[in-house]
Amino acid sequence: MKRTIFFLLYSLVSIGILILALMNNTLLHSRIFLLTAILFLGVGLINHFYEISKLNKESGKEKRNFAKDDLKILIGSTLSATITWYINHEMGYGAVVANGFIGILAATLFTPKLAGIIYTASFIGMSSQTIIATMPIAGFTGFIAGMIIILSKDIYVGFGGKGGTSMALSTQLVRLFLSIFRI
């Protein structure tokens, strides 16, 4: 069940990005390319959905306790997004420098697995202020990203794109939450 939920969430983010690209592009050949990409993605997603359904039937119920590593992930992703946002917007160094600084710092101080999580969480702080308006919102988004990483630890292990998609998903969830409550 958990695999299916994350599959659907990741799929919605991917399709949403392609649809936004399609809507914002006026060139005919670009639109044809994007429609073809959406079609191939759709076919792949349908096939992958059936594979996940089989895996869900084969695997039993799995319980997972909150671990010390999970706390490190939550704290690391929250601080990473917050500090990157601060370096990017308050200090004015820009998104690439802020992200690079966090990446080097994480790689120097932490295990490779935790450093990778901290680095990808810094993608949140790279967002413009129209997306992530304040430092507390960046921290909250980093916390949500940490939760997504913890909940999807054993899903899509070893596949590329999970980190960036998880950060995009957490950012969109927080934006949806803020728009619902007009914060």
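The values are calculated or read from the model by the stated rules, or taken from the named source; none is laboratory data. Predicted model, so just to flag it, every value in this text is computed and none were measured. When we count neighbours, we look across all protein chains shown, and the Cβ atoms used for this are built from the backbone with ideal geometry, even at glycine. The protein model used for the area step is the full one, side chains on, heavy atoms only, and it has no ligands, DNA or RNA in it. Shrake-Rupley method; radii C 1.70, N 1.55, O 1.52, S 1.80 Å.
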- [ ] Look at Leu109 and say whether it is of a type in the set (A, V, I, L, M, F, W, C) and under 28 Å from Arg182 (Cα atoms).
- [x] no
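Suppose we filter Thr84, Thr111, Thr78 for residues that are open to solvent by 30 Å² or more (accessible area, probe 1.4 Å), out of contact with any Cys (no Cβ under 9 Å at 6 or more places or on another chain), of a type in the set (S, T, N, Q) and in contact (Cβ under 8 Å) with a residue 12 or more places away in the chain; which single one remains? Step through it out loud before you land on a result.
Values: Thr84 fails: open to solvent by 30 Å² or more (accessible area, probe 1.4 Å); Thr111 fails: in contact (Cβ under 8 Å) with a residue 12 or more places away in the chain.
Selected residue: Thr78, the only one of Thr84, Thr111, Thr78 that is open to solvent by 30 Å² or more (accessible area, probe 1.4 Å), out of contact with any Cys (no Cβ under 9 Å at 6 or more places or on another chain), of a type in the set (S, T, N, Q) and in contact (Cβ under 8 Å) with a residue 12 or more places away in the chain.
Among the residues of segment 66-81, is there at least one that is at pLDDT 70 or above and not in a helix (DSSP H, G or I)? Even if it seems obvious, please write down each step before you answer.
Restricting attention to segment 66-81, the residues satisfying the condition of being at pLDDT 70 or above are 67-81.
Filter again for not in a helix (DSSP H, G or I), leaving 67.
Yes, because at least one residue in segment 66-81 is at pLDDT 70 or above and not in a helix (DSSP H, G or I).
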TODO: Taking the residues in segment 149-168 that are surrounded by fewer than 22 Cβ atoms within 10 Å (Cβ to Cβ) and among the aliphatic types (A, V, I, L, M) as candidates, determine which candidate is nearest to the chain's Cα centre (by Cα).
DONE: Ala168
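Kindly provide the set of residues from segment 114-139 that are part of a helix (DSSP H, G or I) and either of a type in the set (S, T, N, Q) or crowded, with 21+ Cβ neighbours inside 10 Å (or both), ordered by number. Walk me through how you get there before you give the answer.
At the first step, the residues of segment 114-139 found to be part of a helix (DSSP H, G or I) are 114-125, 135-139.
Residues satisfying the conditions are Ile117, Ile118, Tyr119, Thr120, Ala121, Ser122, Phe123, Ile124, Gly125, Ile137, Ala138, Gly139.
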